[in-house]
Amino acid sequence: MEYARNGDVRIAYETFGDPGGVPLLLIMGLDFQMVLWPDEFCRMLAGRGFHVARFDNRDSGLSTHFTSPAPENPFRTLFRGSAAPVYTGLDMVADGLAVMDALGWPSAHVCGASLGSGLALATAVLHPGRVRGVTAVLGGPLGRRRDLLRYVNFGLFPRAARIRHPATDAGAIDTLVDLLRLISSPHAPFDEQWARSVATISHHRSPRDPGSTQRQTAAGLRLGPVARRFHEITVPTLCVNGADDPLIRPSAGAALARRIPGARSIVHPRMGHTLPPHVWPLLTAELASQAGLP
């Protein structure tokens, strides 16, 4: 485990593969730690010639955590307005650049999942010289209110809220396992052993904080103005979505690709809002092709 610095914020990161490989930065999504990028997937990428870095977003895992006076509904920032968030999506973009700086990477391929896909695309808009290619996994256009209403299935949130377990270590782990089950495809085997392992690791690294969820959501929603500039992206861009995603409608990827010159969109069957094992070889091959690797 290493740490990069963005001002007063420490960002925990780790790497896979030969330091001489093609740089690839992985950005995880809302509320999840870097360990949700499966180790075996990272090793597959390293085996194709990438030097892979994954990191904990601020307010998660072993990176710097924040506090806020009281939980607020982050969607007020979109629909009704609210006070400025504790940090912004631009701060989260800068955290990824700090990891690249710590590794001595002038530029890199950037792959983000869910909220991380928006951060990856924002990096390409705001810092085009530092991005060689973008892969947006489980994302969508989502730059305007109507995009949220069209492409986000808000019915998932009440179902997630009904997941309740005792306020113990075991209960917290069971909650994360059930959340992973909820967002997975019902048409692919659910790897409960992996889910329980990563949930246990996540809990012991840093117990889940609902305040972090609120703050990261508020930061992500503030990326709207940058999302309206996705047409400025000129590097190779791939949009990957799951046919069974219960949160982001599969059509969101194609809608996003239409806003980025030359972007491609792929929808994988039996894929929800996670990275199931049957997708790893396919996604690894796509990332390698985009980077010009064999």
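The values are calculated or read from the model by the stated rules, or taken from the named source; none is laboratory data. In this text, all values refer to a predicted model and were calculated from it rather than measured experimentally. All Cβ positions, even for glycine, are placed from backbone atoms using ideal geometry, and neighbour counts span all protein chains on display.
Of the residues making up the stretch 34-48, at least one is in contact with an Asp or Glu (Cβ under 6 Å, 6 or more places away or on another chain) and closer than 22 Å to Leu176 by Cβ. All told, Ser185 meets the bar of being touching a Gly at 6+ places or on another chain (Cβ under 6 Å), more than 24 Å from Leu221 (Cα to Cα) and surrounded by 15 or more Cβ atoms within 10 Å (Cβ to Cβ). Checked against (1) more than 17 Å from the chain's Cα centre (by Cα); (2) in a helix (DSSP H, G or I), Phe190 passes all but a single condition, namely (2). Please work out which residue is surrounded by the most Cβ atoms within 10 Å (Cβ to Cβ), limiting yourself to the stretch 47-69 and to residues that are aromatic (Phe, Trp, Tyr) and touching a strand residue (DSSP E or B) at 6+ places or on another chain (Cβ under 7 Å). Result: Phe55. Scanning the stretch 135-175 for residues that are more than 24 Å from His268 (Cα to Cα) and touching a Phe, Trp or Tyr at 6+ places or on another chain (Cβ under 9 Å) turns up just one, Arg145. For the stretch 1-46, a residue qualifies if it is of a type in the set (S, T, N, Q), in a strand (DSSP E or B) and within 24 Å of Arg215 (Cα to Cα), and exactly one does: Asn6.
Checked against the criterion of being touching a Pro at 6+ places or on another chain (Cβ under 8 Å), modelled with pLDDT of 95 or more, farther than 21 Å from Leu180 by Cα and not small (Gly, Ala, Ser), the stretch 254-270 has at least one qualifying residue. Criterion first (modelled with pLDDT under 95, within 25 Å of Ser68 (Cα to Cα) and crowded, with 16+ Cβ neighbours inside 10 Å) does Leu221 satisfy it? Yes: the conditions hold for Leu221. Cβ-Cβ distances below 9 Å connect the following pairs, each with a first residue in the stretch 138-163 that is touching a residue at least 40 places away in the same chain (Cβ under 8 Å) and within 23 Å of Ala263 (Cα to Cα), a second residue that is part of a helix (DSSP H, G or I) and of a type in the set (D, E, K, R), and a separation of six or more residues or different chains: Gly140/Asp147; Gly140/Arg150; Pro141/Asp147; Pro141/Arg150.
Residues in the stretch 264-278 that are within 16 Å of the chain's Cα centre (by Cα) and either of a type in the set (A, V, I, L, M) or assigned to a helix (DSSP H, G or I) (or both): Met271, Leu275. Of all residues in the stretch 203-211, none are within 16 Å of Gly139 (Cβ to Cβ) and either of a type outside the set (Asp, Glu) or free of Cβ contacts under 8 Å to residues at least 40 places away in the same chain (or both).
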